[in-house]
Amino acid sequence: MRELAGPWQPLIALYAALVGFAHFWLGGAGLMELVAREAFGAGRWTQDVFLVLEPLQMRGFHLLTLLPLIFVIYPARPGASPARRPSLPDLVLASLSGAASLYFLAHAQQINARMEFIDPLTGLEWWLGVIAVVTLLEAIRRAVAPILAGIVIVSLLYMYVGQWMPGVFNTRPFSVAMIIETVYIVPIVGGIFGPLTGIVAGTIAMFILFGAFVQGSGTGRLFSNFGAAVAGRFAGGPAKVSVITSGLFGTMSGSTVSNVATTGSITIPMMKRLGYAPAVAGGIEAAASTGGAIMPPVMGAAAFVMSEITNIPYGDIIVTAAIGAVLYFFAIFVSVHFEAKRLELAAMESDTIPPWREVARDSHLILPIAVLVWLLVERWSGNFAAFAATTLMMVCASLRSHTRMGPRAIIDAFGNGARTMAVLAAAVAGAGIITSALTVTGLVVAFGGIVKGLAGGSLALLCLLLMLTALILGMGVPTTPAYIITAALGSPVLQEYGVDLLPAHLFMFYFAVLADATPPVAVASYAAAAIAGANPMATAVQALRFALAGFVVGYAFIYDQGIIWRGGMVTVIEDTVTLIAALTLVGAAFGGFLRTRLSGPARVIALASGLFAAFGHMVSDHVRLGFVLAVLALFWFVPRLFAAREERHA
């Protein structure tokens, strides 16, 4: 990202803030218009006053204002392009991307009324469609990931050459005009201005702005202080603070790399000072920050896409995902604890642990978060919940002088929100093109047939194949487009095997998230490695070790119905306790400690027992629970049996 200087810095900062505020206003316009109708009576004037946009208009406005921002703040080639200002080609591309979106905004009603693939494209629409695709690809390459841009190009090429491909990959013929129409001017199936862009333009944009105000108001400081006050006094304190803080911060941001940058800059140096190896410190932070994207109430943009795709209220999704998210962070926490005990690491220094009165000074900032959770659980729309919570955050922050947001802080919050939105807008628009290609060519059906053939009727093998698909597609691709692609491919197949809709999507969602911490391409791990000064691959391996619980929980969505609140309270308790015990044994195996330092064979026994309890679905749930509790009790009450040699002689 450029560090703009001269007149460009205030100009673009003001523009970004205005774009952020416009999304905030338009996101709440429907609510404000409804209140005005109830107070003053219905009338067209209410829509005009509050600028209520139709869905297609909102999608056009969204990309019109955000895509040009990418060309200004992201250089074409870092180190070669101007670092302090946009170049002339940047400004040309920004203008062209805006022109393509402006046409869609201005003609949204005609586009909505036209008959797809019957009404011919005009010459202007043909050229604007080409411009829209080319500028979007360049925006994705610059701001998101070249890999995603490559996948979009392959999808477009497949639509054209599929008619000449053999077997299940053969498609009906698509002319260039039909391809342009599909991805530019047919918003029903997908494409640049399809439903996915609509989700980002509405609900997700509001939550991004809420996250920006969470950071700007000092709520991040509240989370950090709370984590330090709770865990700082125990062995390996900074690592445990990292887990708690990343979990709390992630509930609001939903971004793994943002979590690493925000909390890791504090916790990673503290962990290194206490004796953690740099790669281990980075791995702990990366694993904990990755979990932020699966922790309710704000599980990242992909969770809102899930709600739209499945037509399941977002409140139901966060309730269903809650136990799994807690299990994920529990597993990291116990792994960190066992590692600290084995290495005999100290707690944080007492003068670095904030007193509880310091935590209480920011406690008023919890109210907007509580209101947000309550509104979501009560099934209010995501737009309304985020709009209300953001507005309340501004009010609550103003109650005390040290959290009060002045005009500069508010402008920065709106501007930061817009910059985050711009990257996500490009990524999701690209995913919309991929979704269109998968749908209109029938590749989704073909992929399902291939995977089912390889699985041979085995649900376990099918899950393994889909997990690998999600991890591979997620390499270098942000979570949201990775989830969109893998859910389109994998969820229908899982449902054919008898898996319900929501567990199928949660399974795909988890592994799209975990790709951020899984080598060889692990963006969260690489970000943590940069802070820790460690080898990126070594950090990614350590992150994978601490994030292993995510793989357990992902499969549990399919096999252990209790963790998604199904099967009655007895089943919920039984499955949860089984997984807690299993993850404790796995953490002890990797950490090398459980009441005492463990010998090599003891660590193997602990790992095998934990994995059997987690994945041994060939036996009944009662047997798994009894077995894992018996093994855990043996480790706990007869520690000398499993102690390392030096511990036996102590």
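The values are calculated or read from the model by the stated rules, or taken from the named source; none is laboratory data. None of the values given here were measured: they were computed from a predicted structure. Cβ atoms come from the backbone with ideal geometry, glycine included; neighbour counts cover every protein chain shown. For the accessible areas, the whole protein counts, side chains as well, though only heavy atoms, and no ligand, DNA or RNA atoms are used. Shrake-Rupley method; radii C 1.70, N 1.55, O 1.52, S 1.80 Å.
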Residue pairs qualifying under the 8 Å Cβ cut-off, at least six apart or on distinct chains, with the first in the range 166-179 being under 19 Å from ASP119 (Cα atoms) and the second being polar (S, T, N, Q) and open to solvent by less than 40 Å² (accessible area, probe 1.4 Å), are PHE174/THR182; PHE174/THR441
Out of curiosity, is MET508 open to solvent by 50 Å² or more (accessible area, probe 1.4 Å) and at pLDDT 90 or above?
no
Out of all the residues in the range 297-332, which are at negative phi and without any contact (Cβ under 8 Å) to a residue 12 or more places away in the chain?
VAL326
Which of the residues spanning the range 602-635 are exposed (fewer than 12 other Cβ atoms within 10 Å of the Cβ) and either of a type in the set (Lys, Arg) or touching a residue at least 40 places away in the same chain (Cβ under 8 Å) (or both)?
HIS622
If you go through the range 60-79 one residue at a time, do you hit one that is among the small types (Gly, Ala, Ser), in a loop (DSSP other than H, G, I, E, B) and at positive phi?
yes
Could you grab me the full set of residues in the range 524-547 that are crowded, with 24+ Cβ neighbours inside 10 Å and either without any contact (Cβ under 8 Å) to a residue 60 or more places away in the chain or not in a loop (DSSP other than H, G, I, E, B) (or both)?
ALA524, SER525, ALA527, ALA528, ALA529, ALA532, THR539, ALA540, GLN542, ALA543, PHE546
Matching residues in the range 429-473 - criterion: being open to solvent by 10 Å² or more (accessible area, probe 1.4 Å) and among the hydroxyl-bearing types (Ser, Thr, Tyr):
THR435, THR439, THR441, SER458, THR469
Would it be correct to say that LEU399 is open to solvent by 10 Å² or more (accessible area, probe 1.4 Å), outside any loop (DSSP other than H, G, I, E, B) and at pLDDT 85 or above?
no
Examine the range 620-630 for a residue that is assigned to a helix (DSSP H, G or I) and under 31 Å from the mean Cα position of the chain (by Cα), and state whether such a residue exists.
no
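Does PRO492 qualify as being within 28 Å of VAL334 (Cα to Cα) and not aliphatic (A, V, I, L, M)?
no
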Options ALA581, ALA588: the member that is open to solvent by less than 20 Å² (accessible area, probe 1.4 Å) and in contact with a strand residue (DSSP E or B) (Cβ under 8 Å, 6 or more places away or on another chain):
ALA588
ALA331: at pLDDT 85 or above, under 17 Å from VAL214 (Cβ atoms) and in contact with a Gly (Cβ under 8 Å, 6 or more places away or on another chain), yes or no?
no
What is the residue count in the range 358-384 for residues that are of a type in the set (Gly, Ala, Ser) and in contact (Cβ under 8 Å) with a residue 24 or more places away in the chain?
3
Counted residues in the range 134-184 being open to solvent by less than 20 Å² (accessible area, probe 1.4 Å) and out of contact with any helix residue (DSSP H, G or I) (no Cβ under 6 Å at 6 or more places or on another chain) come to 3
Could you tell me how many of the residues in the range 597-627 are under 25 Å from GLY568 (Cα atoms) and either touching a strand residue (DSSP E or B) at 6+ places or on another chain (Cβ under 9 Å) or of a type outside the set (A, V, I, L, M) (or both)?
11
All conditions in (1) under 23 Å from the mean Cα position of the chain (by Cα); (2) over 24 Å from ASN311 (Cβ atoms); (3) open to solvent by 30 Å² or more (accessible area, probe 1.4 Å) are true of PRO492 except (2)
Within the range 232-245, track down each residue that is open to solvent by less than 10 Å² (accessible area, probe 1.4 Å), assigned to a helix (DSSP H, G or I) and at pLDDT 70 or above.
ALA239, LYS240, VAL241, SER242, VAL243, THR245
Do the conditions hold for SER350, that is, is it more than 30 Å from VAL241 (Cβ to Cβ) and open to solvent by 50 Å² or more (accessible area, probe 1.4 Å)?
no
Answer yes or no: is there a residue in the range 497-519 that is more than 18 Å from the chain's Cα centre (by Cα) and of a type in the set (A, V, I, L, M, F, W, C).
yes
For PHE223, work out the one condition from (1) in contact with a Lys or Arg (Cβ under 7 Å, 6 or more places away or on another chain); (2) of a type in the set (Phe, Trp, Tyr); (3) within 21 Å of SER265 (Cα to Cα) it doesn't fulfil.
(1)
Verdict on ARG379 being at pLDDT 90 or above and basic (Lys, Arg)
no
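For SER335, are the conditions met, namely being small (Gly, Ala, Ser), open to solvent by 60 Å² or more (accessible area, probe 1.4 Å) and in contact (Cβ under 8 Å) with a residue 60 or more places away in the chain?
no
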